[in-house]
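J.: My structure is below; once you've seen it, I'll send some questions.
The values are calculated or read from the model by the stated rules, or taken from the named source; none is laboratory data. None of the values given here were measured: they were computed from a predicted structure. We place every Cβ from the backbone using ideal geometry, glycine too, and count neighbours over all the protein chains shown. Just so you know, the surface numbers come from the protein's heavy atoms only, side chains and all, with ligands and any DNA or RNA stripped out. Shrake-Rupley method; radii C 1.70, N 1.55, O 1.52, S 1.80 Å.
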Amino acid sequence: MTDKKGSDGELLPDDKRLTTIGSFVRKTSLDEIPQLLNVIMGDMSLIGPRPLLIPYLPLYNETQKRRHEVRPGITGWAQVNGRKP
């Protein structure tokens, strides 16, 4: 992405700042390659819940906290069901 700004000094929307290479990387999911290294090292799994931001932890109830009992994954239910063609 670029840092292009509008006349008001605010960043333009993502679709206006996305480069050709950035668009290709997003469409092909090549941005996930660094996570494959984490799978090889054993820190992540291929399938499992995506890691969430630490500020969300206090908001979980006991059932929701169970997601942290397994290794985070590159893909999971939300990614498969939310993927746009």
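J.: Just tell me which aspartates and glutamates come within less than 20 Å, Cα to Cα, of K27; anything on the same chain fewer than 8 places away is out.
T.: D14, D15
J.: With every protein chain kept in place and ligands, DNA and RNA left out, what is the accessible area per residue of the chain? Probe 1.4 Å, answer in Å².
T.: On the way: 7220 Å² over 85 residues.
Result: 85 Å² per residue.
J.: Just one of (1) 14, 31, 31, 20, 4; (2) 18, 55, 26, 2; (3) 18, 37, 27, 13, 5, 0 is P(r) over Cα pairs in 10 Å bins from 0, in percent as worked out from the coordinates here. Which one is it?
T.: So the structure-derived entry is (1).
J.: Let me ask you something else. Hey, can you grab everything whose amide H is under 5 Å from the amide H of G73? Only 5+ residues off in sequence or another chain; H modelled, so Pro and N-termini drop out.
T.: Under 5 Å from the amide H of G73 lie the amide H atoms of S45, G48, R50, each far enough along the sequence or on another chain.
J.: Which percent of the accessible heavy-atom area of the range 1-69 goes to carbon and sulfur, probe 1.4 angstrom? Please list the in-between numbers first.
T.: Values: 3490 of 5820 Å².
Answer for the range 1-69 is 60 percent, counting heavy atoms of protein chains only.
J.: Would you tally the net charge around R17, using a Cβ to Cβ cut-off of less than 10 Å, leaving R17 out, and scoring K and R as +1, D and E as -1? All intermediate terms of the calculation are to be shown ahead of the outcome.
T.: Working: positive: K4, K5, K16; negative: D3, D14, D15.
With Lys, Arg at +1 and Asp, Glu at -1, the neighbours total 0.
J.: Here's a follow-up. For the range 68-79, in order, what is each residue's ³J(HN,Hα) by Karplus, 6.51 cos²θ - 1.76 cosθ + 1.60 with θ = phi - 60°, in whole Hz (x at glycine and Pro)?
T.: Here the 3J(HN,Hα) series is 8, 7, 10, 5, x, x, 6, 9, x, 4, 5, 6 Hz.
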